[in-house]
Amino acid sequence: MQKLKLIAAIALSGFALAGSLAGSLAAGPVAAQALPGGFVFLRDIDPSILQDIRYAGSNNFVGRRLAGYEAGECVVKRQVGLALKSVQQELAKQNLSLKMLDCYRPARASHDMVMWAQNGRETPAERRYNPAIPKRNLFRLGYIAERSQHSTGAALDLTLVDLAADNSAAFDPARAYADCTAAVSARAPEGSVDMGTGYDCSDAKSHTAARSITPDQRRWRNTLVAAMAKQGFVNYSKEWWHFSLPGAGGPAYDFPITRRLR
């Protein structure tokens with residue numbers, strides 16, 4: 001997955017990891033707000049954009065919080081945040097909203113994903129996200145790679161929310177949901193429109209142009225892609241939820257995502 005475009009380890013040659021873990025952990029609460037490299041909290045750019053940062057909790061393919069996600073906050077490069085604000089303003093005219101699922105990703109979280117994929121274990125809950133592909137094959141098939149644009153602050157995972165719909169269904173970690181390719185009524189609730197699969201679904205049905213989805217699901221995907229493209233975002237063809245903003249990246253970072261104080 002592009003969401004799993006991974007940095008296998010901080011020491012990987014040819015990929016500079018900026019931002020000091022030691023400095024971040026040693027800093028006090030005020031310093032935690034001084035984000036490096038032109039990063040900002042998206043809430044400071046547009047608080048109307050919904051957020052459900054999935055790697056900050058247990059509702060994700062690993063089943064636990066990933067390393068570096070100390071808070072469920074969307075952190076992005078300022079240029080990216082301003083572009084998202086423009087997307088949100090256009091969507092608001094249709095009574096729609098963006099929902100952020102992942103934004104900046106600390107490099108240590110990508111390494112955490114690598115360790116998960118290689119641990120030799122696979123639970124039924126994990127298989128919900130890759131029902132047809134053993135996780136040990138995710139590297140070979142290109143769903144996991146060595147480097148993630150998320151760590152540069154230029155890549156995002158997101159979906160659409162119909163503000164007129166009932167979005168109250170909540171994820172229940174004790175429930176045995178159907179896999180991510182199942183009908184929306186059977187799979188884990190996303191609190192968003194039906195895009196044809198759940199988020200982080202490693203399956204051909206998640207490919208943006210997949211033919212195995214309904215006309216309504218196709219319409220929602222097209223709406224999202226068009227709205228993002230208007231502001232310069234590029235979609236990754238294997239994941240309907242993944243977008244990046246060309247030219248907004250740079251080196252990968254590894255500072256933890258901390259709680260926004262104001």
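Restricting attention to the range 40-52, report how many residues are under 17 Å from L160 (Cβ atoms) and buried (at least 21 other Cβ atoms within 10 Å of the Cβ). Total meeting the criteria: 3. Tallying residues that are touching a residue at least 60 places away in the same chain (Cβ under 8 Å) and either closer than 16 Å to M100 by Cα or surrounded by 12 or more Cβ atoms within 10 Å (Cβ to Cβ) (or both) within the range 163-189 yields 3. Within the range 229-244, the set of residues being farther than 19 Å from Y143 by Cβ and surrounded by 23 or more Cβ atoms within 10 Å (Cβ to Cβ) comprises just one member, F233.
With respect to the stated conditions, A132 is farther than 23 Å from D162 by Cβ, surrounded by fewer than 17 Cβ atoms within 10 Å (Cβ to Cβ) and hydrophobic (A, V, I, L, M, F, W, C).
Going residue by residue through the range 113-123, is there one that turns out to be within 17 Å of the chain's Cα centre (by Cα) and either at pLDDT 95 or above or surrounded by 22 or more Cβ atoms within 10 Å (Cβ to Cβ) (or both)? Yes, the range 113-123 contains at least one residue that is within 17 Å of the chain's Cα centre (by Cα) and either at pLDDT 95 or above or surrounded by 22 or more Cβ atoms within 10 Å (Cβ to Cβ) (or both).
The residue list L91, L66 contains one member that is within 15 Å of the chain's Cα centre (by Cα) and either at pLDDT 95 or above or not charged (D, E, K, R) (or both), which is L66. Here L160 clears all of (1) surrounded by 13 or more Cβ atoms within 10 Å (Cβ to Cβ); (2) more than 18 Å from the chain's Cα centre (by Cα) except the condition numbered (2).
Of all residues in the range 217-246, which are more than 19 Å from D102 (Cβ to Cβ) and free of Cβ contacts under 8 Å to residues at least 60 places away in the same chain? Those that are more than 19 Å from D102 (Cβ to Cβ) and free of Cβ contacts under 8 Å to residues at least 60 places away in the same chain: Q217, R218, R219, N222, A226, A229. Of the residues making up the range 37-54, those that are at pLDDT 95 or above and in a loop (DSSP other than H, G, I, E, B) are D46, P47, S48, I49, D52, I53.
I'd like to verify a number: residues in the range 159-190 that are over 18 Å from I213 (Cβ atoms) and touching a Leu at 6+ places or on another chain (Cβ under 8 Å), how many? Number of matching residues: 2. In the range 53-78, of all residues being among the basic types (K, R) and out of contact with any strand residue (DSSP E or B) (no Cβ under 8 Å at 6 or more places or on another chain), the one that is surrounded by the fewest Cβ atoms within 10 Å (Cβ to Cβ) corresponds to R64.
Go through the range 191-216 and give me each residue that's charged (D, E, K, R), part of a loop (DSSP other than H, G, I, E, B) and free of Cβ contacts under 8 Å to residues at least 40 places away in the same chain. D194, R211 - these are the residues of the range 191-216 that are charged (D, E, K, R), part of a loop (DSSP other than H, G, I, E, B) and free of Cβ contacts under 8 Å to residues at least 40 places away in the same chain.
The set of residues from the range 227-248 being among the hydrophobic types (A, V, I, L, M, F, W, C) and either touching a Lys or Arg at 6+ places or on another chain (Cβ under 9 Å) or not in a loop (DSSP other than H, G, I, E, B) (or both) comprises A227, M228, A229, V234, W240, W241, F243, L245, A248.
Note on the range 162-190: residues that are part of a strand (DSSP E or B) and out of contact with any Asp or Glu (no Cβ under 9 Å at 6 or more places or on another chain) total 2.
The values are calculated or read from the model by the stated rules, or taken from the named source; none is laboratory data. This one's a predicted model, so the numbers in the text were calculated from it and none came from an experiment. Positions of Cβ are backbone-derived with ideal geometry, glycine not excepted, and every protein chain shown enters the neighbour counts.
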